[in-house]
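The values are calculated or read from the model by the stated rules, or taken from the named source; none is laboratory data. Since we're looking at a predicted model, the values are computed, not measured. Virtual Cβ from ideal backbone geometry, glycine too; neighbours counted across all protein chains shown. These accessible areas exclude ligands, DNA and RNA; they are computed on the full protein's heavy atoms, side chains included. Shrake-Rupley method; radii C 1.70, N 1.55, O 1.52, S 1.80 Å.
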Amino acid sequence: MLNIDDLKVSLEEEEKQIIKGLSLSIKPGEVHAIMGPNGSGKSTLSSVLAGKDGYIIDNGTVNFDGSDLLEAEVEERAALGIFMAFQYPIEIPGVGNMNFLRTALNSQRKTRGQEELNAADFLKLVRGIAKDLEISDEMMKRPVNVGASGGEKKRNEILQMCLLEPRFVILDETDSGLDVDAMKLVSRGVNNFSSSSRSFLVITHYQRLLNYIVPDFVHIMVDGRIVKTGDKTLALHVEETGYKDFLQLGKGKH
Amino acid sequence: MTDNYEVRDVIDKETLSTVKSVGDTYKYGFSTDIETEYAPLGLNEDIVKLISKKNNEPKWMLDWRLKAFNRWKKLKQPDWALLKIPEIDFQDQYYYARPANMKEKPKSLDEVDPKLLETYSKLGIPLTEQKKLAGVIEENPEDKSENRRVAVDAVFDSVSVGTTFKEELKSAGVIFCSISEAIKEYPDLVKKYLGSVVPISDNFFACLNAAVFSDGSFVYIPKGVRCPMELSTYFRINAENTGQFERTLIIADDNSYVSYLEGCTAPQRDESQLHAAVVELVILDEAEIKYSTVQNWFPGDENGVGGIYNFVTKRADCRGRNSKVMWTQVETGSAITWKYPSCVLKGDNSSGEFYSIAITNNMQQADTGTKMIHLGKNTNSRIVSKGISAGKAQNTYRGLVQIGGRSQNSRNFTQCDSLLIGNKCGAHTVPYIEVNNSSARAEHEATTSKVDEDQLFYCMQRGIGEEDAVALIVNGFCKEVLQALPMEFAMEAQKLVAISLEGSVG
Ligand SMILES: Nc1ncnc2c1ncn2[C@@H]1O[C@H](COP(=O)(O)OP(=O)(O)OP(=O)(O)O)[C@@H](O)[C@H]1O
Ligand SMILES: [Mg+2]
């Protein structure tokens, strides 16, 4: 589904390489977790996959379902089925949640050549999802993420995911800021949503989340590279000993 | 509710596709091929007399115009606004144009040139009104079941071409007609109130208007009457090289209420055109007027060629106790906008509100705002201004809040927000606050921000294209003002926001 080959990415503003030769292959139905110290480039990788401005691709390719992902516009990638749950969801004052969601869904449908969803069907769909995630009507009426708590924002991201039905999902620290109950709720949302044709890239600092969303692979990212790949036990190891065993691995390869 | 929304969607789609097939970026950039009759080029006493004669005006009206013309000759064009105004040659304009087959005013809408009506349909005039203007459906009792009805007066170049719902309004005692008709039919009302809010020589452009105004709308709501429907005027400049000078006079007598909507568009032309309108509102005891404008005159092209020069004087006189006025404006068009809808709060406990969205893109310039003149006791005013600049445009908010010595316990609140798209445009805020009374209070808040890259990325990651994302964010920024508009207008305005910002990103 997704193939990243020797990707190197620098910032546009300053001459600084953040991703320094990263390769990763994800097949349909797989769940991959990425862990790594602060500043190792996890969010940068997500942003590059989603198509954010401000980066220069120095090297490498990213292939999604056989096509060159780096060539596509941000909204085209979204329509192809790429979804990123933001580490810090953005507030949009004055824009109601419902309006935002409907615009997003119908834009994607339009890009894919599907018919737009009418107001009644849309409402039914959203209300069902909101109910599962225990998001109140009052929340849904608010402007996008404005005045929402950290945990509420994260839940809102999952709601958007369920509505937009992407095939490839990046969860960037979706567990940070969630209380125990919310984490179960969010994990349930993700698990209900997962299927043999959907893949996940789960970025997290905590092994805890991986008890709920069980990964097929765990990758350790240090200084812009994946330095170690293992199964879910690797996360337990990190939890116990931290990253000290891996830091050297990052420095070694150039 | 949902159904209405659906219906509206369909209409808009039709309107949009019709228009897309006609113009390109500027939605209303088509012109209508109708034979037009012009007065001779330039301005002199004879032209003033000619306009008066074309309208079959009584002598008092002609005298009033001539007085204005003589004053105007001595006035100078104001230059205090933050606008670069190319020199306007007032002798190189036509001051009167009308569709040739309307020498006699149409007695019924059936006599109106179908091309004219086609134009209105392209303007997005609500479907029911289009049909009425086209005479397709009779006014029948079933209409009463509709949630919202709007009576429309359409002014094409210099002439009012038709008013809908006239009979029904009349039975409620409401007078809604063209001002030329009012001058003949209701001379006492016109004599009493015309020029009583904006005096003949108030300013250069208002004075010019007083001399040469050709038509406009007149509304009188009698004592104790709540106007049974919204009233609306669509102004359209079609003829080339012609100035448009409409005059609107609305009187809300004691305990009355009316909501009035004004829409304006013009075709796409290389030559700039002058528009100098005057709107006077008179609000008596316990009465209320809501006046909403969606101004979408042709803004000129990306390089600043063509477009309407819009110099407008709008003023509301809250003469009565507890009288209320609310101005709401969405200014997306015009190459130059010079406009300050104002409230004179004379009556005790009177209140004035001003909600404004001004969008400038490409080479557009806007200097707009309001004046709140507090004279009575316990008067209240509220100003919410949202300025959006994109391209190389300049956008200035200019506002005066003046609280007089007699105006005890009066309050003003001003909120003035500017949003910038890109880094070649400018936003300026020029507030003047004069409080001459220790029991009064004026508050002013101002912010300037940029369309946030992260917000854009967030929207686009969810599948929304860049221009739609900008429109969404800007509409969110303007929400407070959009909410002040009647619903149907609000939806039209939201679309306009999107259209006027096309090409502002990427
Ligand atoms: N726009 C930017 N300007 C300057 N530096 C940047 C920018 N974006 C990323 N960086 C730098 O790149 C490095 C990687 O950042 P990134 O956000 O990808 O880390 P992360 O692995 O997600 O960290 P965390 O675990 O704290 O979320 C950091 O050193 C960060 O400061
Ligand atoms: Mg991060």
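Table for the structure above
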read-out: Dipole magnitude (debye, nearest 20) for chain A, charges at Cβ of Lys, Arg, Asp, Glu; value: 460
read-out: Rg over Rh [alpha-carbon atoms, Kirkwood Rh] for the stretch A:69-145; value: 0.98
read-out: Bins of 10 Å, starting at 0 and running to the largest distance - Cα pair percent for chain A; value: 7, 30, 36, 21, 5, 0
read-out: Shielded residues, the stretch A:51-75 - accessible-area loss of 30 Å² or more between chain alone and all protein chains, probe 1.4 Å; value: A:52, A:74, A:75
read-out: Distant alpha-carbon pairs in the stretch A:1-101 (separation over 20 angstrom), percent; value: 44
read-out: Translational diffusion coefficient (Stokes-Einstein; Kirkwood radius from C-alpha pairs) of the stretch A:125-254 at 25 °C, 0.890 mPa s, in µm²/s; value: 152
read-out: Leading residue at positive end of dipole, the stretch A:1-133 (Cβ point charges), from A:44, A:98, A:11; value: A:98
read-out: Average Cα contact separation per residue, chain A, under 8 Å, 6 or more apart, as relative contact order %; value: 27
read-out: Mean Cα-pair separation over length for the stretch B:293-356, i.e. relative contact order, pairs under 8 Å, 6 or more apart, %; value: 41
read-out: Residue of A:134, A:76, A:157 that the Gaussian network model of chain A assigns the largest fluctuation, springs spanning Cα pairs under 10 Å; value: A:134
read-out: Stokes-Einstein D for the stretch B:289-344, Kirkwood Rh over Cα pairs, 25 °C, 0.890 mPa s (µm²/s); value: 194
read-out: Mean residue ellipticity (222 nm) of chain A, computed from DSSP H runs ≥ 4 via -39,500 (n - 2.57), nearest 500; value: -12000 deg cm²/dmol
read-out: Gain on full stretching of the segment that runs from residue A:205 to residue A:56 - 0.36 nm per residue minus C-alpha separation; value: 51.0 nm
read-out: Farthest positive-ward along the stretch B:423-489 dipole, Cα basis, beta-carbon charges - from B:428, B:438, B:487; value: B:438
read-out: Share antiparallel - DSSP beta bridges, chain A, percent rounded to 5; value: 60
read-out: Overall dimensions of the stretch B:303-435 as given by Cα atoms, namely Rg and Dmax in Å; value: 15.7, 50
read-out: Stokes-Einstein D in µm²/s, Kirkwood radius over Cα pairs - the stretch A:109-200 at 10 °C with 1.306 mPa s viscosity; value: 112
read-out: Spread of Cα-to-Cα distances over 10 Å intervals beginning at zero, given as percent, for the stretch B:442-506; value: 19, 46, 29, 6, 0
read-out: Potential extension, residue A:123-residue A:88 segment - 0.36 nm per residue separation minus Cα distance; value: 10.0 nm
read-out: On Cα atoms only, tilt of A:119-132 relative to the major axis of chain A in degrees; value: 60
read-out: Rel. contact order, % - alpha carbon contacts under 8 angstrom, at least six apart, the stretch A:171-234; value: 31
read-out: Accessible area buried at the A-B interface, both sides summed, 1.4 Å probe (Å², nearest 100); value: 2200
read-out: Sulfur and carbon atoms: percent of accessible area, chain A [1.4 Å]; value: 47
read-out: Cα point-scatterer Debye curve for the stretch B:330-393, base-10 log of I(q)/I(0) at q = 0.15, 0.22, 0.27, 0.29 Å⁻¹; value: -0.52, -0.81, -1.03, -1.13
